[in-house]
Amino acid sequence: MPVTLQDSILLSIKRMLGGLDSTYESEFDLDLVIHINASLAKLTQVGVGPDEGFEIEDDQATWEDFIGSDKRLNLVKEFVYQDVKYAFDPPRTSFAFDAVEKQRDELLWRINVQVDPGEV
């Protein structure tokens, strides 16, 4: 069964970034894969995903591969998007830069609370 845009980590992040056609391999795919893997590593450090870590290599890895079917972890998708956007296409002004950074920090905190509520 083919991986769909909704399921694929790479394709969904490309779509969310806007302007990147998710239907073909672009010159930015390697950059995106590196940024996505860095984001997934941050999430692994707070207890999300497989214990041994997780990485994508292409558009075949899915969100379910990383977070399973736990709907409580839907914030993971938003965090990865924000984190990749922050690295791939950073805001131009310091105000916007700080706002995005605070949003990413809050998302990561909320995700951490979800996976380990005893740490709050």
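The values are calculated or read from the model by the stated rules, or taken from the named source; none is laboratory data. Given the structure is predicted, the values throughout are model-derived calculations rather than measurements. Every residue, glycine among them, receives a Cβ derived from its backbone with ideal geometry; neighbour counts consider all protein chains shown.
Looking only at residues of the range 111-120 that are within 18 Å of the chain's Cα centre (by Cα) and either among the hydrophobic types (A, V, I, L, M, F, W, C) or exposed (fewer than 13 other Cβ atoms within 10 Å of the Cβ) (or both), we find that the one that is modelled with the highest pLDDT is 111. Tallying residues that are free of Cβ contacts under 8 Å to residues at least 60 places away in the same chain, assigned to a loop (DSSP other than H, G, I, E, B) and surrounded by 14 or more Cβ atoms within 10 Å (Cβ to Cβ) within the range 40-93 yields 8. Looking across the range 62-75, just one residue is touching a Leu at 6+ places or on another chain (Cβ under 6 Å) and under 16 Å from residue 41 (Cβ atoms), and that is 67. Among the conditions (1) modelled with pLDDT of 90 or more; (2) over 16 Å from residue 57 (Cα atoms); (3) not β-branched (Val, Ile, Thr), residue 15 misses just one, which is (1).
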